[in-house]
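Asker: One structure coming up, written as structure tokens, with questions to follow.
The values are calculated or read from the model by the stated rules, or taken from the named source; none is laboratory data. This is a predicted model, so every value here is computed, not measured. Note that each Cβ is placed from the backbone with ideal geometry, even for glycine, and that neighbours are counted across all protein chains shown. Only protein heavy atoms, including side chains, enter the accessible area calculation; ligands, DNA and RNA are left aside. Shrake-Rupley method; radii C 1.70, N 1.55, O 1.52, S 1.80 Å.
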Amino acid sequence: KALSHIGGFCAAENVDLLLIAGDIFDSYNPSGESEDIYYNFLNNVSAAGTAIAIIAGNHDNHERLCAPAGFLKRHNIMISVNNPQNDYQPFEFEIKGEKISIAPVAYVYDAQLLDTAEYDTETEAADAYSAAYCGVVKAAAAKCRAPIKILMAHAFFAGAKNCGSERNIQRGNTLLADASIFLSDFKYCAFGHLHRCQKIAENAFYSGSII
């Protein structure tokens, strides 16, 4: 019902671009019925003329999610999943004559950024994590070619609030990234991971869970 509402809204409002910021599924191995609902939704929205950009979240099976990437691209649907080298290539869209670059930073695992055993305190580890994560985002921003740059990221940013239903995947919620370091690089930032709909900066929002 939630997806049907979103699809109807996109069609009624002539939405040009839909951003899906991760955690498509709650389970690493979703049911066939769940996948059928998801792909029918993508088909219906794209067929109505809305381009779609997707990143994978921590709940998603990244390999499974990106398996039909070539097929989806032909329908103006772009998808980004975790990259072991933390090298995220931009999505380049041209919509109504306007060029838009999206830096699609899918969920990044802590171990890809630092070894917490190398730090004496949690504060040192948290600072190093934030610096490393923001470095990944800055590198993704540098690859964007269009004058309008949008960031999609699936992470826990400083200043944001959870709502209690998220799975605790951080060490005591100490490994947060400071988004203020890169916010000025983008016109808009679309964040996923936390279930609460919230604004953490003038140009940065968590959509929250659609259900």
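Asker: Enumerate the whole-percent occupancy of each 5 Å bin, from 0 to the last occupied one, for all C-alpha pair distances of the stretch 1-66.
Answerer: Using 5 Å bins, I get a P(r) of 3, 17, 27, 25, 17, 8, 2 for the stretch 1-66.
Asker: According to the Cα gyration tensor, what semi-axes, each the square root of 5 times an eigenvalue, does the equivalent ellipsoid of the stretch 56-211 have, listed from largest to smallest in whole Å?
Answerer: With the √(5λ) rule applied to the stretch 56-211, the semi-axes are 26, 17, 17 Å.
Asker: A further question on this structure: Going by average Cβ neighbours within 10 Å, how do the peptides 48-60, 142-154 rank, with the highest at the top?
Answerer: 48-60, 142-154
Asker: Among 188-195, 177-184, how do they line up by average Cβ neighbours within 10 Å per residue, starting with the highest? Intermediate results must be reported in sequence, preceding the final value.
Answerer: On the way: 188-195: 22.1, 177-184: 18.1.
Most protected by this proxy first, the peptides run 188-195, 177-184.
Asker: May I pose another question? Taking the Cβ of Phe25 as the center, what net charge do the other residues with Cβ under 10 Å away carry, scoring Lys and Arg +1 and Asp and Glu -1?
Answerer: Neighbour charge sum, excluding Phe25 itself: -3.
Asker: Compute the distribution of all C-alpha to C-alpha distances in the stretch 46-104, in bins of 10 Å from 0, and list the percent of pairs in each, rounded to whole numbers.
Answerer: For the stretch 46-104, the pair-distance distribution reads 21, 53, 23, 3.
Asker: Simple spin-label model, 7 Å along Cα-to-Cβ: Asn40 to Glu13 in nm?
Answerer: With each label point 7 Å from Cα toward Cβ, the separation is 2.4 nm.
Asker: To check you understand DSSP bridge types, tell me what percent of the beta bridges within the stretch 14-115 (both residues inside) are antiparallel, rounded to 5.
Answerer: 40
Asker: Put +1 on the Cβ of every Lys and Arg and -1 on every Asp and Glu Cβ in the chain; which of Thr50, Leu176, Gly70 then has its Cα farthest towards the positive end of the dipole?
Answerer: Thr50
Asker: Additional query: Magnitude of the Cβ-charge dipole of the chain, K/R +1 and D/E -1, about the Cα centre, nearest 20 debye?
Answerer: 720
Asker: How much of the accessible area of the chain, in percent, comes from carbon and sulfur atoms when a 1.4 Å probe is used?
Answerer: C and S atoms contribute 50 percent here.
Asker: Where both partners of a DSSP beta bridge lie in the chain, what percent of those bridges are antiparallel, to the nearest 5?
Answerer: If we restrict to bridges inside the chain, about 25 percent are antiparallel.
Asker: Another question, if that's okay. Over the stretch 59-211, give the accessible area per residue in Å² for a 1.4 Å probe, as an integer.
Answerer: Per residue, the stretch 59-211 has 51 Å² of solvent-accessible surface.
Asker: How much net charge surrounds Ala141 when only other residues with a Cβ under 14 Å from its Cβ are counted (Lys, Arg +1; Asp, Glu -1)? Walk me through the numbers before you get to the answer.
Answerer: Numbers: positive: Lys138, Lys143, Arg145, Lys149, Lys187; negative: Asp87, Glu92, Asp185.
Local charge sum for Ala141: +2.
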